[in-house]
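Beneath this line is the structure, given in structure tokens, with notes to follow.
The values are calculated or read from the model by the stated rules, or taken from the named source; none is laboratory data. All values derive from a computational prediction rather than experimental measurement. All Cβ positions, glycine included, derive from the backbone under ideal geometry; neighbour counts span all protein chains shown. SASA here: full protein model, heavy atoms, side chains in, ligands and nucleic acids out. Shrake-Rupley method; radii C 1.70, N 1.55, O 1.52, S 1.80 Å.
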Amino acid sequence: TGITTERIYGDNRIDTAIALSKANFTKADTVVIARADDYPDALTASVLAKAVNGPILLSYPDRVNDKVLAEISRLGAKNLLLIGGEEAMHASTAQAYAKGRNTERIGGKNRYDTASLIADTITQRTGKKTQAMIATGENFPDALAISGPASRLGTPILLVRKNGVPEETKAALTRNGITQTIVIGGEEAIPAAVAKALPGATQRLGGKNRYDTAAVIAKHFHKTAQTAYLATGEDFPDALTAGLIAGKANAPLLLTNKSILRAETVNYLKEAKVEKVIVVGGPEAITEKVVKEIK
């Protein structure tokens, strides 16, 4: 199809996040650090990173990564925003990264609470928006697929359960003056009854599965696109760090299986007349076979 591809990756998820940061930021006053081995707290961090105009870097809770430290230094960051509580990053790890920098932790008592606190911070930084994106908190793909457009628009992402809207989310909707919501994902993820309980939920962007939902979102926000980002839909770290970058570049983020390029993705690439695909993650995340199929 004449699509060119470029791969941005490191040896592992932490290194891939650093590679994305290096490719997109010469400097940053603020860096967001999220947990490398679990997704719930970090699900909505992309919008926050865009609001503070810095990258998302990843770390394991209990050990300091020298490459992450080096990247924080290269960026000249003065502020660190840590996502999640002590279990997401131990106090000693946080201290080691801080090295005299201003450190703020945004972590609630659960994922819904953390997303709510992140929403508050976004509202403080970007001014009140009346809209929020609503995704399931019980899995990662939908929240990450909307993270690009949400980042670009400065729209917070709040999370719900399949069986209802958590109290933390209800409180955040009220606190942030949200009167209109866009429901992300199909009925499997967010049933109609849950959508009904949301303020002004007149629109749903969802497909048959995570790959289809990502394509539906891409199509809605980017009828045509010169460049698209592609990350695996089978694990969260690459899509987490790429969502922000896609938003910054005003480009769609698509998801793929590790070793199968999905029809939903191919159809979007054709329809949107995409010329270049930036593949996020190494061959362990997205095989060379998939990259060849894009071309």
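Using beta carbons and a limit of 9 Å, which pairs, at least six apart or on different chains, have the first residue in the range 187-208 and farther than 12 Å from residue 134 by Cα and the second one small (Gly, Ala, Ser) and part of a loop (DSSP other than H, G, I, E, B)?
187/206; 188/206; 207/185; 207/186; 208/186
Within the range 243-263, track down each residue that is of a type in the set (A, V, I, L, M), more than 15 Å from the chain's Cα centre (by Cα) and open to solvent by less than 50 Å² (accessible area, probe 1.4 Å).
Once the filter is applied, which keeps residues that are of a type in the set (A, V, I, L, M), more than 15 Å from the chain's Cα centre (by Cα) and open to solvent by less than 50 Å² (accessible area, probe 1.4 Å), the range 243-263 yields only 261.
Within the range 87-100, how many residues turn out to be assigned to a loop (DSSP other than H, G, I, E, B) and either farther than 19 Å from residue 30 by Cα or touching a Lys or Arg at 6+ places or on another chain (Cβ under 6 Å) (or both)?
Taking the range 87-100 first, the residues assigned to a loop (DSSP other than H, G, I, E, B) are 87-90, 99-100.
So of that shortlist, the ones also either farther than 19 Å from residue 30 by Cα or touching a Lys or Arg at 6+ places or on another chain (Cβ under 6 Å) (or both) come out as 87-88, 90.
Here the count works out to 3.
Identify all residues within the range 160-200 that are open to solvent by less than 80 Å² (accessible area, probe 1.4 Å), within 19 Å of the chain's Cα centre (by Cα) and not polar (S, T, N, Q); write none if there are none.
Listed by number, the residues that qualify are 160, 182, 183, 184, 185, 186, 189, 190.
Identify, by number, the condition in (1) of a type outside the set (Gly, Ala, Ser); (2) modelled with pLDDT under 95; (3) crowded, with 22+ Cβ neighbours inside 10 Å that residue 213 doesn't meet.
Residue 213 satisfies all of (1) of a type outside the set (Gly, Ala, Ser); (2) modelled with pLDDT under 95; (3) crowded, with 22+ Cβ neighbours inside 10 Å except (2).
Among the residues of the range 264-288, count how many are surrounded by fewer than 16 Cβ atoms within 10 Å (Cβ to Cβ) and either within 22 Å of residue 46 (Cβ to Cβ) or in contact with a Ser or Thr (Cβ under 6 Å, 6 or more places away or on another chain) (or both). Explain how you work it out, then say what you get.
The first filter runs over the range 264-288 and keeps only residues surrounded by fewer than 16 Cβ atoms within 10 Å (Cβ to Cβ), leaving 267, 270-271, 273, 275-276, 283-284, 288.
Applying the additional criterion that residues be either within 22 Å of residue 46 (Cβ to Cβ) or in contact with a Ser or Thr (Cβ under 6 Å, 6 or more places away or on another chain) (or both) yields 273, 276.
Residues that pass the stated criteria total 2.
Which members of the range 138-159 meet the condition of being surrounded by fewer than 24 Cβ atoms within 10 Å (Cβ to Cβ) and under 19 Å from residue 176 (Cβ atoms)?
In the first step, residues of the range 138-159 are kept if they are surrounded by fewer than 24 Cβ atoms within 10 Å (Cβ to Cβ); the result is 138-140, 152-155.
The answer is 152, 153, 154, 155.
Can you tell me how many residues in the range 84-106 are closer than 23 Å to residue 19 by Cβ, surrounded by 13 or more Cβ atoms within 10 Å (Cβ to Cβ), out of contact with any Asp or Glu (no Cβ under 9 Å at 6 or more places or on another chain) and not aromatic (Phe, Trp, Tyr)?
2
Just one of the numbered conditions (1) under 15 Å from residue 143 (Cβ atoms); (2) over 16 Å from the mean Cα position of the chain (by Cα) is not true of residue 266; which one?
All conditions pass for residue 266, except number (1).
If you take just the strands (runs of 3 or more DSSP E) that sit entirely in the range 1-83, which of them hold at least 1 residues that are within 19 Å of residue 144 (Cα to Cα), open to solvent by less than 10 Å² (accessible area, probe 1.4 Å) and not hydroxyl-bearing (Ser, Thr, Tyr)? Working first, answer last.
Working: elements: 4-8, 30-35, 56-59, 79-83.
Filter on the range 1-83 gives 30-35, 56-59, 79-83.
For every residue, the table says whether it meets (1) of a type in the set (S, T, N, Q); (2) more than 13 Å from the chain's Cα centre (by Cα).
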| residue | (1), (2) |
| --- | --- |
| 13 | no, yes |
| 21 | yes, yes |
| 33 | no, no |
| 67 | no, yes |
| 73 | yes, yes |
| 78 | no, yes |
| 92 | yes, yes |
| 97 | no, yes |
